[in-house]
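The values are calculated or read from the model by the stated rules, or taken from the named source; none is laboratory data. These numbers come from a predicted model, not from an experiment. Reconstructed Cβ throughout: ideal geometry from the backbone, glycine too, with neighbour counts over all protein chains shown.
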There are 2 protein chains.
Amino acid sequence: MYNLLDGLRIIEASSFVASPTAGLYCAQFGAEVIRVDQVGGGPDYHRWPVTEANDSLYWENLNRAKKSVALDLTQPEGRELLQALVQSVGQFITNFPADGFLSHATLAEGRQDLVTVRVMGWPDGTPALDYTVNNAVGYPMMTGIGPEPVNHVLPAWDLLSGAYAAFALLAAIRRREQTGLGSEVRVPLSDVAIGTVANLGGVAEVLHNNANRSRLGNTVYGLFGRDFVTKDGVRTMIVVVTHRQWANLIAALGLTDAVGAVEAERGVSFAKDDGLRFEHRDALFPLFEAAIGALDHAAMVTVFDAAGVVHSAYKTMLDAAHDSCLVGDNPIFSASDANPSGLAYPAAGAFGTIPQLQRADAKPAPRNGQHSEEILSEALGLSSGEIARLIDSGIIGIAK
Amino acid sequence: MYNLLDGLRIIEASSFVASPTAGLYCAQFGAEVIRVDQVGGGPDYHRWPVTEANDSLYWENLNRAKKSVALDLTQPEGRELLQALVQSVGQFITNFPADGFLSHATLAEGRQDLVTVRVMGWPDGTPALDYTVNNAVGYPMMTGIGPEPVNHVLPAWDLLSGAYAAFALLAAIRRREQTGLGSEVRVPLSDVAIGTVANLGGVAEVLHNNANRSRLGNTVYGLFGRDFVTKDGVRTMIVVVTHRQWANLIAALGLTDAVGAVEAERGVSFAKDDGLRFEHRDALFPLFEAAIGALDHAAMVTVFDAAGVVHSAYKTMLDAAHDSCLVGDNPIFSASDANPSGLAYPAAGAFGTIPQLQRADAKPAPRNGQHSEEILSEALGLSSGEIARLIDSGIIGIAK
C-alpha cells in the first residue's frame, strides 16, 4: 500500500480477473475503491481455489484493500442505487455489459464528466474469456512441442487487460482534469490480445512470411535461450540477451574453442548477433547440453552468477511460496490474518516499490456488504432510517 | 492514437518488451514519447522477427508513435546529454540499472520533482527475464499435460510489467501534481510475477494445502472449461462462467437428462456451483465429448451462439492475422506503409477504444536518431553549430 492515489475514489462493479485487478492496483496505490456486488456475492465470489468453508482465496486476494457495498442488482431499486453511486463518485471500473443499466450513456446523463473504464470480451459485446481469446490469436498452437495446442494456465490476457484498464482510467481522468470532459474507455480482451500480437511483430511477421512460426517447445525464439538439465537433474532456463552475456556464458562453460569451431564451419560469428545464435541452435545446443550436463546445479550457479549469465531453475508454485526471496523476506508481502476466509498467509501489496516512501502492509478484502451503510450514507446521503428500510427489504446487504 | 495524454512528454531509455510497451501505451494515448537509444540502435534493435534486410518487425511495432534520439551512451558526453534530457522533461521510463548513470538519485539532483518508472529483473538489480521469472514462480510446471515443464511463448510478465509501469507513471505524476513531490517507482518482473501468483490466490492455496495444484492440460481450473473436438475435427475451447451459460450449454447439447443422471448418482447439483462442475469433470467430460463430437463445427457455432455459450476454435497466428474481425475490419488496426522496414501491413493502435473520440491511425516507429536534432535543439537549447559538432564527433546520431 502506497498513497500515490490519495483522494481518488472509484466505484468498481466487476467480476473475475481483469476488471478486479484494475481496481486492485488502484487500491494498492491508495485509491478508495468501492466494489459493488450482488448481495451474497457476484459470479466470482466462490471461484476456486476455495477453502473447506467455500471461501474463495481467489476473490479475497483480488479484492484486497477495497470496500464492499452489497445491493440486490436484480431489483430496479438496487440498480438505481448503483447508478447513483457511480454518478456521485465520477470514476467507474466495470465489466458489466456496455448496453445495459450501466451503459456509459445512461450513467453520463446524471454525470456529464463521468470516466468509465469497461473491460469487455469482444468489442461488439459478445462474451469472451482469457482462454477463448488466447486460442483465437494463435498462442496455444505455438506453445509446447505439439502437435496439440497447449493453453496457458496464467490468465495473461485478463491480467494485461486489467493493468491496461488501470492505466486507461488515470489517462482519462488526466484528460478530464485538463478539459473538463468525461469519457468511456472500452478495453476488449480480444483487442488486447490481437493488438499485442501486432505490437510484438507477429502480425507483420506471419503476413510477410505467409507462414506461421515453427513450434519451438521451451526454446526462446530469435535468441539463445532454452532449458538445460544439470548433472544432478536440475532443469534450468538460460537466456542470453546481451553480447556480453554470450561471451561470459561460453567462457564460463569453457566452450570458447568449440563455439569457435562451429563459427568456422558455418562461416558466421555469434559474438554480435542474437539471431545467428538462434539460427544455428542445432549446432550450439549439443555443446551446451554436454557442458551443463557435466556440472552440478550448485556449481553451475556459482559459475553463472560470477559471469552475469541469466539463469533460473524450474520451481513449483509451492517451492515459490516457500522461497524467501520471492515471499518470506520480500517487502511486497506482509502477514495477513484478517482475511474473510479466516486463514493467515502472506499477502502481496503493490508490485511497484517506491524507495522514497514507506510501504504500508497489505489490507484484507472486505466481507460482502461490509461498507454498505458507511458508503450509502456518506456518498448518497441516505438516512439511517432509509438504509434500515432498504436492508429490511433486501435491497441492501450488510456483512454478517 | 487518441489524445488523452496531450501535453505529456516522456523520455524512454529502454529495450526489449516491458519498458518499451509502457512508452508505447502512453504514445498511443497521445503522449510525446522520446526514445533515446545508442547510436545505431540498442540491444533490441535487431531482435527477431527481422526482415531479409535485418530490420526488426518487433522493434518497429513496439516503438510506434515515438520519437528517436540517438546518442553514444558509451561516452561521458552522450550520457550527460541523456541525463540533461531526462531532467529537462521530468518524466522517465527506463530499464537501465538502478545504480548506474541513470539512477533516480543522480537524475533528481538536477530535477527534484522527477518521476522515474524503472522496470527491473529482481528488486536487488540482479538481471531476470520473462522466461526466468516465469519458471521461478511455477507456471511451466502447471502448463500442458506434463511431466516436463512447458514455457509460455507469450512474454506475459514483460507485458504485464509494461502496462503496470504505464499505470505507475501516471499515478506518480498525479501525486506530483498534488504534492509537488517526485518519486521513483521500481517495477521488478519478479515482484510482478510472484505478486500475481498471490493475487490469484495461488500463494494462499499452495500454503494452505501444502501441495501444488494438479496439472490439468487444457482444462480450466475450478470451473467447466476445456477443449473439445467437433465431428469435422475442429478443436474448440468452451468455458462456462455463469450459471445461465451452464443451463444453456446442457440444453443446447441435449444433455439435460444425462447431466441430471450424473447429479443423481453423485448426489450433487451443478446448476449453481462452478466448483462441482470442475470436481466431477470425470463424469461430465465424456458426455460433452460425445455430444460435441456428433456436431459439425458450423452446427455447433449456430447452436452455441444462440445459447450464449462462450466458445472459440483454435487458430494459428496466420489465421488470426487474416481474420477480418480481429484485424482486417478491426478499427484498432490501420494500414501502415511508412515503417522503417519498408514493409506495409496492418498496425495496431491503442487497445482501448473511446466512443466519444475519433481514433487516429497508428503512426510508424522512428528511424534511429530521426528526431535527434529537433529534440536536442528544442528541449536542451543546443545551437545548430553545437549539434553539428556533436554529430561530427559521433556523440549524436541522426537518421540516414
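If you take the residues in the stretch A:347-361 that are within 9 Å of chain B (Cβ to nearest Cβ) and part of a loop (DSSP other than H, G, I, E, B), which one is surrounded by the most Cβ atoms within 10 Å (Cβ to Cβ)? Only one residue tops the list, namely A:Gly352. For a quick check of your reading of the model, give me the residue pairs whose first member lies in the stretch B:262-286 and is acidic (Asp, Glu), whose second is part of a helix (DSSP H, G or I) and surrounded by 12 or more Cβ atoms within 10 Å (Cβ to Cβ), with beta-carbon atoms closer than 8 Å and at least 6 apart or on different chains. From the stretch B:262-286, the pairs are B:Glu265/B:Ala283.
The one condition from (1) at the interface with another protein chain (Cβ under 7 Å from one of its Cβ atoms); (2) crowded, with 24+ Cβ neighbours inside 10 Å; (3) not in a loop (DSSP other than H, G, I, E, B) that B:Leu169 does not meet is (1).
The residue list A:Phe101, A:Phe96 contains one member that is more than 13 Å from every other protein chain (Cβ to nearest Cβ), under 22 Å from A:Pro43 (Cβ atoms) and either within 22 Å of the chain's Cα centre (by Cα) or surrounded by fewer than 18 Cβ atoms within 10 Å (Cβ to Cβ) (or both), which is A:Phe101. If you go through the stretch B:20-33 and keep only what is facing chain A (nearest Cβ under 7 Å) and under 25 Å from A:Gly180 (Cβ atoms), you end up with B:Tyr25, B:Phe29.
Within the group B:Asn218, B:Asn210, which residue is modelled with pLDDT of 95 or more, closer than 17 Å to B:Ala313 by Cα and surrounded by fewer than 24 Cβ atoms within 10 Å (Cβ to Cβ)? Unique residue meeting the criteria: B:Asn218.
Results for (1) in contact (Cβ under 8 Å) with a residue 60 or more places away in the chain; (2) away from every other protein chain (no Cβ under 14 Å); (3) of a type in the set (A, V, I, L, M); (4) surrounded by 24 or more Cβ atoms within 10 Å (Cβ to Cβ), shown as yes or no for each residue.
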| site | (1), (2), (3), (4) |
| --- | --- |
| B:Leu4 | yes, no, yes, yes |
| B:Ala18 | yes, no, yes, yes |
| B:Arg35 | yes, yes, no, yes |
| B:Asp55 | yes, no, no, no |
| B:Val69 | yes, yes, yes, yes |
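Within the stretch B:92-141, the residues that satisfy the criterion of being of a type in the set (A, V, I, L, M, F, W, C), more than 22 Å from B:Ile173 (Cα to Cα) and either touching a helix residue (DSSP H, G or I) at 6+ places or on another chain (Cβ under 7 Å) or not assigned by TED's automatic domain parsing to the domain that holds B:Glu32 (or both) are B:Phe101, B:Trp122, B:Ala128, B:Val133, B:Ala136, B:Val137. A:Thr196 falls short of the stated requirement of being at pLDDT 95 or above, under 22 Å from A:His280 (Cα atoms) and among the polar types (S, T, N, Q).
B:Arg186 meets each of the listed conditions (1) without any contact (Cβ under 8 Å) to a residue 60 or more places away in the chain; (2) surrounded by fewer than 24 Cβ atoms within 10 Å (Cβ to Cβ); (3) farther than 30 Å from B:Phe278 by Cβ apart from (1). Among the conditions (1) in the same structural domain as B:Ile292 (by TED's automatic domain parsing); (2) without any contact (Cβ under 8 Å) to a residue 60 or more places away in the chain, B:Leu249 misses just one, which is (2). Within the group B:Arg244, B:Arg235, B:Arg226, which residue is within 12 Å of another protein chain (Cβ to nearest Cβ) and surrounded by 19 or more Cβ atoms within 10 Å (Cβ to Cβ)? Only one candidate passes the filter, namely B:Arg226. Filtering the stretch A:339-357 to residues that are at pLDDT 95 or above and over 22 Å from the mean Cα position of the chain (by Cα) leaves A:Pro340, A:Ser341, A:Gly342, A:Leu343, A:Ala344, A:Pro355, A:Leu357. The residues of the stretch A:292-346 that are at the interface with chain B (Cβ under 9 Å from one of its Cβ atoms), part of a helix (DSSP H, G or I) and aliphatic (A, V, I, L, M), listed by number, are A:Met317, A:Leu318, A:Ala320, A:Ala321, A:Leu326, A:Val327. The residue of the stretch B:1-40 that is modelled with the lowest pLDDT, among those that are closer than 19 Å to B:Leu159 by Cα and of a type in the set (Phe, Trp, Tyr), is B:Phe16. In the stretch A:187-215, how many residues are over 30 Å from A:Ser14 (Cα atoms) and touching a Lys or Arg at 6+ places or on another chain (Cβ under 9 Å)? Number satisfying all stated conditions: 4. Would you confirm whether or not the stretch A:374-388 contains a residue that is loosely packed, with under 14 Cβ neighbours inside 10 Å, modelled with pLDDT under 95 and farther than 30 Å from B:Ala172 by Cα? No, the stretch A:374-388 contains no residue that is loosely packed, with under 14 Cβ neighbours inside 10 Å, modelled with pLDDT under 95 and farther than 30 Å from B:Ala172 by Cα. Of the set (1) at the interface with chain A (Cβ under 8 Å from one of its Cβ atoms); (2) touching a residue at least 12 places away in the same chain (Cβ under 8 Å), all apply to B:Val50 but (2). If you filter the stretch A:177-211 down to residues that are at the interface with chain B (Cβ under 7 Å from one of its Cβ atoms), part of a strand (DSSP E or B) and not small (Gly, Ala, Ser), you find that the one that is farthest from B:Trp48 (Cα to Cα) is A:Glu184. Out of B:Thr106, B:Thr116, one residue alone is of a type outside the set (Gly, Ala, Ser), outside any loop (DSSP other than H, G, I, E, B), more than 30 Å from A:Thr143 (Cα to Cα) and under 22 Å from the mean Cα position of the chain (by Cα). It is B:Thr116.
So, in the stretch A:74-91, of the ones that are touching a helix residue (DSSP H, G or I) at 6+ places or on another chain (Cβ under 8 Å) and without any contact (Cβ under 8 Å) to a residue 40 or more places away in the chain, which residue ends up farthest from the other protein chains (Cβ to nearest Cβ)? Checking each candidate, the answer is A:Gln83.
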